[in-house]
Amino acid sequence: MAKRDYYEVLGVPRNASEAEIKKAFRRLAMKYHPDRNQGDKATEAERHFKEVKEAYEILSDAQKRAAYDQFGHAGIDPSLGAGARGPAGFGAGASFSDVFGDVFGDIFGAGRGGGGPRVQRGSDLRYNLELTLEEAVAGTTVRIRVPTLVNCAACGGSGAKKGTSPRQCGTCHGAGQVRMQQGFFSISQTCPTCRGRGTVIEDPCPSCHGMGRVQEAKTLSVKVPPGVDTGDRIRLAGEGEAGELGGPPGDLYVQVRVKEHAIFTREDNDLYCEVPIGVTVAALGGELEVPTLDGKLKLKIPAGTQTGRMFRMRAKGIRPVRGGAMGDLICRVVVETPVNLTDEQKELFRRLDETLQGSGGRHNPQSTSWLDGVKRFFEGLGF
């Protein structure tokens with residue numbers, strides 16, 4: 001019987017991240033937990049559990065996953081190696097109870113039985129970075145100060161006082177975990193004495209109090225690529241918290257937020273701005289200067305322009321951060337009604353209105369059309 005695709009087994013896409021693969025595995029491992037599948041379902045649950053475990057052990061290992069992605073099952077077939085083993089990750093005589101104890105011990109914090117203490121990767125950190133629109137569009141380099149946990153310089157991260165060293169835990173004998181027998185199942189749990197370290201510190205370092213890490217603020221230079229927008233993240237690998245027991249550090253994710261701009265509004269790669277014009281320019285037409293992010297441009301306003309009309313200025317927007325065509329600048333005209341008129345100006349408007357009214361609506365087509373519609377509406381109601 002042909003093996004199912006490992007990505008299909010876990011229900012994740014082929015480009016799934018390490019975190020997504022681990023999350024899917026935990027969910028399925030819980031689903032096929034023996035306590036939830038008694039009686040007739042037990043055999044089928046065991047089969048599914050082994051299938052899920054096999055898929056996870058391949059896809060959670062970067063080298064095995066790369067081989068599987070390139071060659072399929074042939075790239076990781078254990079029959080091609082030395083030693084009689086069953087499906088990947090299982091010894092030929094491994095029982096379901098061994099598998100269950102091993103996997104769930106790992107899920108709940110313990111390392112693998114007999115494998116020594118498990119090093120722990122440092123936590124990822126997040127930093128919120130505010131940028132102006134100009135900085136986001138052009139790109140910039142900023143220096144940030146991030147509080148984090150780093151390896152203690154006094155003890156080199158061991159947690160033991162200088163001149164001393166941790167000793168092997170007498171409870172787990174350096175394994176970092178103990179195996180508990182619960183009926184049919186053998187379950188690995190974190191050692192209660194050393195808490196998974198495999199060692200105990202008799203004389204702790206006075207600088208870090210035996211933790212091996214200290215709080216420190218470090219200054220980093222972040223290169224922001226052109227075109228970033230609110231919600232984009234910049235990953236700085238290895239700049240998160242230091243790992244425990246010599247484990248690798250986490251990553252720092254710089255979360256971008258672009259401040260509101262006084263003139264422009266951004267939508268994807270286009271910029272929008274409102275351009276107020278006077279009634280004279282709107283009626284007679286004219287030319288005015290409009291701002292762009294790289295200077296000024298002339299905008300021609302045709303005669304008879306109404307509020308809401310859009311003028312598109314090609315390639316005056318934003319270039320996407322991942323490449324592609326430049327966005328546009330879209331100017332929306334707003335006709336501004338004059339205020340604070342003098343008596344003379346009011347009289348001029350009255351005289352203008354009289355001449356416009358005498359034209360029979362030719363100069364105000366929208367107003368005339370709307371009034372005709374209102375008249376028909378009331379006639380339909382019998383008024």
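The values are calculated or read from the model by the stated rules, or taken from the named source; none is laboratory data. Predicted model only: the values in this text are computed from it and were never measured. All Cβ positions, glycine included, derive from the backbone under ideal geometry; neighbour counts span all protein chains shown. Areas reflect the complete protein model, heavy atoms only, side chains present, ligands, DNA and RNA absent. Shrake-Rupley method; radii C 1.70, N 1.55, O 1.52, S 1.80 Å.
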Residues of segment 27-61 satisfying the condition of being within 28 Å of Asp124 (Cβ to Cβ) and either at pLDDT below 85 or not in a helix (DSSP H, G or I) (or both): Ala29, Met30, Lys31, Ser60, Asp61
Qualifying position, being within 48 Å of the chain's Cα centre (by Cα), among the β-branched types (Val, Ile, Thr) and more than 30 Å from Val224 (Cβ to Cβ), among Val290, Val321, Val339, Val281: Val281
So Val146, is it open to solvent by less than 70 Å² (accessible area, probe 1.4 Å) and part of a strand (DSSP E or B): yes
Some residue of segment 269-281 being within 26 Å of Ala325 (Cα to Cα), open to solvent by 100 Å² or more (accessible area, probe 1.4 Å) and not basic (Lys, Arg): yes
Breaking point among (1) at pLDDT 90 or above; (2) open to solvent by 80 Å² or more (accessible area, probe 1.4 Å); (3) over 36 Å from the mean Cα position of the chain (by Cα), for Ala153: (3)
Inter-residue pairs, beta-carbon under 8 Å, first in contact (Cβ under 8 Å) with a residue 60 or more places away in the chain and in segment 338-355, second assigned to a helix (DSSP H, G or I), 6+ apart: Pro338/Val279; Pro338/Gln345
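Test Val137 against the stated conditions and say whether it is open to solvent by less than 40 Å² (accessible area, probe 1.4 Å), on the phi < 0 side of the Ramachandran plot and assigned to a strand (DSSP E or B).
no
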Unique residue being more than 30 Å from Ala153 (Cβ to Cβ), surrounded by fewer than 19 Cβ atoms within 10 Å (Cβ to Cβ), in contact with a strand residue (DSSP E or B) (Cβ under 7 Å, 6 or more places away or on another chain) and modelled with pLDDT of 90 or more when the list is Arg257, Arg179: Arg257
Which numbered condition Arg312 misses (of (1) among the charged types (D, E, K, R); (2) under 22 Å from Gly231 (Cβ atoms); (3) not in a loop (DSSP other than H, G, I, E, B)): (2)
All positions within segment 198-209 that are open to solvent by 10 Å² or more (accessible area, probe 1.4 Å) and in contact with a strand residue (DSSP E or B) (Cβ under 8 Å, 6 or more places away or on another chain): Thr199, Val200, Ile201, Glu202, Asp203, Pro204, Ser207
Failed item, numbered, when Val228 is tested on (1) modelled with pLDDT of 95 or more; (2) farther than 30 Å from Gly327 by Cβ; (3) out of contact with any Lys or Arg (no Cβ under 9 Å at 6 or more places or on another chain): (2)
Qualifying strands (runs of 3 or more DSSP E) (wholly inside segment 224-304; at least 1 residues being acidic (Asp, Glu), touching a Gly at 6+ places or on another chain (Cβ under 8 Å) and on the phi < 0 side of the Ramachandran plot): 270-278
Yes/no for Leu245 being at pLDDT below 95, farther than 30 Å from Arg309 by Cβ and either open to solvent by 70 Å² or more (accessible area, probe 1.4 Å) or over 20 Å from the mean Cα position of the chain (by Cα) (or both): yes
Single unsatisfied condition, Lys161 versus (1) open to solvent by less than 50 Å² (accessible area, probe 1.4 Å); (2) more than 28 Å from Val222 (Cβ to Cβ); (3) at pLDDT 90 or above: (1)
Selection count where residues are of a type in the set (D, E, K, R) and over 13 Å from Val333 (Cα atoms), scope segment 266-288: 4
